Structures are given as structure tokens and as C-alpha cells.
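K.L.:
Quick one: the structure is below, and I'll ask about it shortly.
The values are calculated or read from the model by the stated rules, or taken from the named source; none is laboratory data. Values in this document were obtained by computation on a predicted structure and should not be read as measured data. Methodologically, a virtual Cβ is constructed for each residue, glycine included, from the backbone with ideal geometry; neighbour enumeration extends over all protein chains shown. In case anyone asks, the SASA skips ligands and DNA or RNA and just uses the protein heavy atoms, side chains included. Shrake-Rupley method; radii C 1.70, N 1.55, O 1.52, S 1.80 Å.
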Amino acid sequence: VFAHGFGCDQLVWHRVAPQFEDSHTVVLFDYVGAGGSEREAYSSERYATLDGYADDVLEVCDALGLERTAIVGHSVSGTICGIAAARRPSRFDRIVMVAPSPRFEDDPPDYRTGFSRDDLEGLLRLMDANFMGWATALAQMAVAPEVLSRELRESFCSADPLFLREFARATFLSDHREVLARIDPPTLVLQCAMDDLVPVSVGRYIVEELPAGIFQLLDIPGHMPHMSHPHAVVDAIRRFLDAPHEDLVAP
């Protein structure tokens, strides 16, 4: 199962997901409010926090009867998948978190992201005041080269503005570090070495808090390696899925 991050939809996985169709049943979906989902199903109350998105993940698994699933979540979806796994661990065999962050705001001295509360509030104000400028700035920060940042910006601009604003607040102003210790399935954290949105220290923090966490540093820039360097992401996920389960949970 591939879960897209903020501002995207399932199409963002088109460079990665097909590489697993020869060995796995591949499931792609859009969170309610994104992509081709039924927009009338969106509820500001349900999606005020990431718990509503975790409900989406579990409902997809329930609808398809998925058990012992490998789930891959990008950015905020790493946290969302973690919340879902903490609730229903039997659903998930392995988790891959690509450039995850359980909290985007600095919490010194032990947790550093590079973003203050004022920085994040300013990002949200820019989103309200100049949506195109916000989309361009965030896309350029997240991925290079220009052709890929343009693709991401177009994804932002195709989404419903209300959905994006509320998803942004749930993403950038939340703190879900406490859930990490309750994520039992073996979890691979894929961290980009030069990510302007999520520093390496956050990836290492996550692995230290997970009961069965594995850290892999990708020597590539950006926050969207599945767009910019899909082969590196595919190789890392495949090695993780092929590893014996006992090797992943050993101390």
C-alpha cells in the first residue's frame, strides 16, 4: 500500500509503485479530499487531525481485506501510517516511512527541525494570502529539478483549497512523537541527506524511538526521493521487504 503525502495524490507514486507489481499486489489510494476521492465525503471535523487520515488508511485495508500488509508512507503519511499501525498492528507486517516527521516545530534542546512556530504560522499565512506563491516556494523546497517542482506545484494547485489548508494545519502544527513507541511492525526510515523540510536529526530521532526501526540515509537532495530518485527508493524498499522478519526485529 502506498500512501501519498501532503498536497499530492496517488499519482505521485507512478515512478515507484509499478516496480512492485511483479511481486506484490499494489494498492494506491487518495485520502478524502485529494485526487479523485469523493469530495463530498470530506469533513472538516474528521480531518482536523491526522487521526482522520489514519481512519482512511484502515478503511482501505478493511475494504480490501488486507492483512500483514507492507505500507509505504511519504512525509506526513509516515506518521499517519504509524498512527494506523499503533491502533491495528495486525494489519501491518512492515512499514516504510519516506522522509517522515512526527513534528515540524522545533522542541529544543533534543528535537531540532529548523522551523519555529512563527515560521510555520507564516507558511500557513502565505498559503492563505498568495496560494500560487506558496505552492511554488514549497514545491521548490521539496524537490528538484525544475520540471519535478513544477509537477508538484501543479499537484498542489489541483487540490481543493479548503482541504489543503486544513491538511496543512494538521500536518505542520501537530506533534505525534508519542505514537512512535507504539509502532510494533519493523519500520524502515528512508531519510534524504539534504532535505530542507526534514533534517537528518529527525530521521535518527524517529528510529531511536521505534521498537524495531531501521535507518537508511539516501545521499540525495530534496524531500521527494520517490519523484527525484525513484530507483534508489525502489531498491531500498525491495531490500527491506526481502529481508527475513527475524533480522528486522532483532536487537
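K.L.:
Enter the per residue convex hull volume of region 196-251, computed from alpha-carbon coordinates, in Å³ rounded to the nearest integer.
P.N.:
On the way: hull volume 4.6 nm³, N = 56.
Cα-based convex hull of region 196-251, divided per residue, equals 83 Å³.
K.L.:
Counting Lys and Arg as +1 and Asp and Glu as -1, what is the net charge of the other residues whose Cβ lies under 11 Å from the Cβ of Thr69? Each step should come with its number before you reach the end.
P.N.:
Numbers: positive: Arg68, Arg88, Arg91, Arg94; negative: Glu67, Asp93.
Cβ neighbours under 11 Å give a net charge of +2.
K.L.:
Moving to a separate point now. Modelled label-to-label distance, Asp196 and Asn130, 7 Å Cα→beta-carbon offset: nm?
P.N.:
1.5 nm
K.L.:
So which GluC sites (Glu not before Pro) in region 1-61 are both in a DSSP loop and have at most 16 other Cβ atoms within 10 Å of their Cβ? Display every interim value, and only then the final one.
P.N.:
On the way: sites: Glu21, Glu38, Glu40, Glu45, Glu59; in loops: Glu21, Glu38, Glu45.
Of the GluC sites (Glu not before Pro), the ones in loops of region 1-61 whose Cβ has at most 16 other Cβ atoms within 10 Å are Glu21, Glu38, Glu45.
K.L.:
Then there is this: If r is the Cβ-Cβ distance from Met141 to Glu67 and R0 is 35 Å, what FRET efficiency results, to the nearest 0.05? Intermediate results must be reported in sequence, preceding the final value.
P.N.:
Numbers: r = 38 Å, r/R0 = 1.08.
That pair, Met141 with Glu67, gives E of 0.40.
K.L.:
Once you've got the GNM for the chain with C-alpha springs shorter than 10 Å, pick whichever of Asp30, Asp184, Asp110 has the biggest mean-square fluctuation.
P.N.:
Comparing Asp30, Asp184, Asp110 in a Gaussian network model of the chain, the most mobile one is Asp110.
K.L.:
Report, in debye and to the nearest 20, how large the dipole of the chain comes out about its Cα centre when Lys and Arg carry +1 and Asp and Glu carry -1 on their Cβ. Intermediate results must be reported in sequence, preceding the final value.
P.N.:
Numbers: 21 positive and 39 negative charges, 30 e Å.
Dipole size: approximately 140 debye.
K.L.:
Looking at the P(r) of region 102-222, how many percent of alpha-carbon pairs lie beyond 18 Å?
P.N.:
Details: 4272 of 7260 pairs.
That fraction is 59 percent.
K.L.:
If you add up the charges near Pro185, with Lys and Arg at +1 and Asp and Glu at -1, over every other residue whose beta carbon is less than 13 angstrom from its beta carbon, what do you get? Mind dumping the intermediate values first?
P.N.:
Values: positive: Arg68, Arg87, Arg88, Arg91, Arg94, Arg182; negative: Glu67, Asp93, Asp184.
Neighbourhood net charge equals +3.
K.L.:
Which percentage, to the nearest 5, of the DSSP beta bridges contained in region 67-187 is antiparallel? Mind showing how you got there, number by number?
P.N.:
Numbers: 2 of 9 bridges.
Of the beta bridges lying entirely in region 67-187, close to 20 percent run antiparallel.
K.L.:
If I model a spin label at Ser90 and Val249 as a point 7 Å from the Cα along the Cα→Cβ vector, what separation in nanometres do I get?
P.N.:
So the two model labels end up 1.5 nm from each other.
K.L.:
Among Thr25, Pro108, Ser37, which residue has its Cα furthest toward the positive end of the charge dipole of region 1-151, with +1 on Lys/Arg Cβ and -1 on Asp/Glu Cβ?
P.N.:
It is Thr25.
K.L.:
Only bridges whose two residues both fall in the chain count here: according to DSSP, what percent of them are antiparallel, nearest 5?
P.N.:
Numbers: 2 of 22 bridges.
Roughly 10 percent of the beta bridges in the chain run antiparallel, per DSSP.
K.L.:
Sticking with this one: Could you look at region 36-85 and say what percent of its accessible area is carbon and sulfur, using a 1.4 Å probe and all protein chains? Before the final figure, lay out the partial values.
P.N.:
Details: 950 of 1980 Å².
Percent of accessible area from carbon and sulfur atoms in region 36-85: 48.
K.L.:
What does the charge count around Asp160 come to, taking other residues whose C-beta lies under 10 Å from its C-beta (Lys +1, Arg +1, Asp -1, Glu -1)? Each step should come with its number before you reach the end.
P.N.:
Values: positive: Arg39, Arg165; negative: Glu166.
Once positives and negatives cancel, what remains is +1.
K.L.:
Here's something else I'd like to know. Where does each of 60-68, 229-237 land if you order them by average Cβ count within 10 Å, highest first? Mind dumping the intermediate values first?
P.N.:
Details: 60-68: 12.7, 229-237: 17.8.
Result, highest mean first: 229-237, 60-68.
K.L.:
Using a 1.4 Å probe, what is the accessible area per residue for the chain, in Å²?
P.N.:
Details: 10760 Å² over 251 residues.
Spelled out: the 1.4 Å probe surface of the chain, per residue, equals 43 Å².
K.L.:
For region 99-251, which whole-number percentage of the solvent-accessible area (1.4 Å probe, protein heavy atoms only) is attributable to carbon and sulfur atoms? The partial results should precede the final answer.
P.N.:
Numbers: 3650 of 7000 Å².
Here it works out to 52 percent.
K.L.:
Could you run the Debye sum over the Cα atoms of the chain, one equal point scatterer each and no solvent, and tell me log10 of I(q)/I(0) at q = 0.18 Å⁻¹, two decimals?
P.N.:
Log10 I(q)/I(0), no solvent term: -1.64.
K.L.:
Between Leu173 and Asp22, take the C-beta separation as r, use R0 = 30 Å, and let me know the FRET efficiency to the nearest 0.05.
P.N.:
Values: r = 41 Å, r/R0 = 1.36.
Efficiency computed from Cβ-Cβ geometry: 0.15.
K.L.:
Right, here's the next one. Report the gain in length on full extension from Glu59 to Glu121: 0.36 nm times residue separation, minus Cα-Cα distance, nm rounded to one decimal. Intermediate results must be reported in sequence, preceding the final value.
P.N.:
Details: separation 62, 0.36 × 62 = 22.32 nm, distance 3.16 nm.
Full-extension gain reported as 19.2 nm.
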